[in-house]
1. When you go through (1) surrounded by fewer than 18 Cβ atoms within 10 Å (Cβ to Cβ); (2) touching a residue at least 24 places away in the same chain (Cβ under 8 Å) one by one for I581, which number turns out not to apply?
2. Within region 173-186, identify whether any single residue is farther than 30 Å from K13 by Cα, in contact (Cβ under 8 Å) with a residue 40 or more places away in the chain and outside the structural domain of C33 (by TED's automatic domain parsing), and answer yes or no.
3. Are any of the residues in region 444-451 surrounded by 15 or more Cβ atoms within 10 Å (Cβ to Cβ) and either over 22 Å from I511 (Cα atoms) or of a type in the set (A, V, I, L, M, F, W, C) (or both)?
4. So I123 ticks every box in (1) at pLDDT 85 or above; (2) within 60 Å of the chain's Cα centre (by Cα); (3) among the β-branched types (V, I, T) but one. Which box is left unticked?
5. In region 557-615, how many are part of a loop (DSSP other than H, G, I, E, B) and touching a Leu at 6+ places or on another chain (Cβ under 9 Å)?
6. Residue under question is R566, and the condition is that it be assigned by TED's automatic domain parsing to the domain that holds T373, closer than 21 Å to V354 by Cβ and either at pLDDT 95 or above or not hydroxyl-bearing (S, T, Y) (or both); does it hold?
7. Where residues in region 367-381 are closer than 19 Å to F612 by Cα and out of contact with any Lys or Arg (no Cβ under 9 Å at 6 or more places or on another chain), which of them is surrounded by the most Cβ atoms within 10 Å (Cβ to Cβ)?
8. Being touching a strand residue (DSSP E or B) at 6+ places or on another chain (Cβ under 8 Å), at pLDDT 90 or above and assigned to a loop (DSSP other than H, G, I, E, B) narrows it down to one of G549, G509, so name that one.
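The values are calculated or read from the model by the stated rules, or taken from the named source; none is laboratory data. Being a predicted model, the structure only gives us computed values, none of them experimental. Here the Cβ positions follow ideal geometry from the backbone for every residue, glycine too, while neighbour counts run over all protein chains shown.
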Amino acid sequence: MAAAPTSLGTHFKEELSCSICLELFIRPKMLPCQHTFCQDCLQDHAGRGGTFQCPICRRQVRLPPQGVAGLPDNYLVTSLCERLQNQATLSEETREQPQSANRCSSHPSEVLKQFCKQCQIPICEQCFEETHDDHLTTTIKKAAQERSSTVQALINEGRNIVESYLSFLRSLREEERTLNEKKQQRDKSIIQAYNQMVQKLTQRKDHLLSESEENHTNNLDRMQTERDSMLADVNELSAACDRAEQELQQGWVEFLSQQTALTEVVGKYRRKTAPTPVQTQPAVFQPTDTPVPVLGHVTVQSLPSAPIPAAPSARGTGHHHGNQRQGERQPQKVTFGGERSGTGKFIEQCGVTVSNEGEIFVADKNQRIQVFTLQGRFVRLFPTVVSGEQEMQPTDMALDGEGNLWVVGWIQSAEFAVQYNKQGRVLRKIGLQDTGWARGVAEDTRRNHILITQITGDRDNPHGAVLVFRPDGTLVETVGGKRKSLLASLVSRQQGMKFPRYITVDGEGNILVSDWDNACVYVYNEDGQFLFQFGGWGIGEGQLNRPRGICTDRAGNIIVVDGGNRRVEMFDKTGKFLKHITTDMMGPRAVAMATQGQLVITDDRDNTVSIFQNF
């Protein structure tokens, strides 16, 4: 037990030591973050600047006009330091006191040898004879032994309490260190996310400026070409007029013999149509209507050691089957379009996709791509040309990792996959086998592969597959082709695709294909190996009838257009039915998910496009 005071004193000294000089606080000053340091240590640390960082938590501190001296004193720490110093001094003096201190205060020449039980005080022989001779007494040693057990128990209890407090203080210090580390990591993550977003915005700005410069250069080139043509005509006509004027001045004979040249030149330009204005196509910058990107959230996590019981809710939680339950929030929907060939109108939309910037691209039988905002406002359009003036009938489209558009379709007896930039300029094309069936297309942005569905054979014996290309047109592999044997089919429990129509690639690289004839969705891994299929003919939950468009959300849930049942379904990544997204469309066909969370669905019966939010 003798070592306890020294141990406790050491712990006290650790808690009352400055983190800078590692000594007991001298004139302790407290910062706004509640950390305390010696005044002189802070003076050296802060220097002459108006602000500095706390040495522990790194929080910025602004000095008052008086400097470090103007910071508030920590009187509690000052008091504890004084008591610790006094206790150390007292302990030192106690050790140095001679044994002669055990003398009677009333009779200094006498030593205290007895203890009066009645008066509860030590006495000497002379005290006993004078005033305590009729009292019960005992020796000093016995009295000390009798009381020591009680005092020692109190000492032990007090030491234990002090130790528990010191343990708590140590845990606070450790927790403080942990909090500081987490804050530094959290701040680093915030700055990293901000820098990444700034980098993306900078890249997007440079891309937009490049497109603007390209458009401007093209317009200037058109004007310069027209200017050069006009100047050549002006030179020719002016030269003819000048020669005629000179001939008039030379005499009638020369004039009569030379007038034929002027007649021919003027006649040439008389028959020529008048110059028409140069048809420039100045681009227009259309800012997206999407809100400013959210950098992230700093959330306080609930402590698992203190759970709070959830109150009963009037609304169910989690996924449910069937249509939306009573009281649940219905999806918000914006619908635009209509059947015509004018701007903003459609005829049987066959494909839809949404860019990272929030632009909706819609392809229809008008042989064009129209672009809209996520609020349904028309932005621009361009024809789906293959080369020259040949226009392709599109059947589906997808955006690649660079923001360019891949469109599949046919022209007369040929089929193509054509890559356009967002303004409609042809970048490259891939020739495809003429099968006579509509194709779907998707982009594997992780591998930079273009995936295109293909149907071969006749109507009674069709065979479906997915062709995987590189952007240069090189065929990488064929996924989901006809099974070589019945045994292989039975082992995999896969029928084999018949009429694959639409296709998508999820965040893990898995390939998902909707089969219109088999009424199911086939799922393959990124290497083209069959994983599973789901769906099947029917009208019940999880069943499909002529499935069409397909896409996935950020959570990996699969969204399928159930065209025959006139509804759009959501399944989880394993193919388990979750819910109906909508059941009130006439002919839902293509579907796409925006990075901002909206779901875009085309309806080729009433030729509209609907944007769903909060679905």
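1. All conditions pass for I581, except number (1).
2. Within region 173-186, one or more residues are farther than 30 Å from K13 by Cα, in contact (Cβ under 8 Å) with a residue 40 or more places away in the chain and outside the structural domain of C33 (by TED's automatic domain parsing).
3. yes
4. Failing condition for I123: (2).
5. Step one: of region 557-615, the residues part of a loop (DSSP other than H, G, I, E, B) are 557, 566, 572-576, 583-587, 594-598, 604-607, 614-615.
Next, from what is left, pick out any that are touching a Leu at 6+ places or on another chain (Cβ under 9 Å): 557, 572, 594, 596, 598, 615.
Total meeting the criteria: 6.
6. Here the answer is no, as R566 does not meet what is asked.
7. Residue satisfying both the conditions and the ranking: F372.
8. G509
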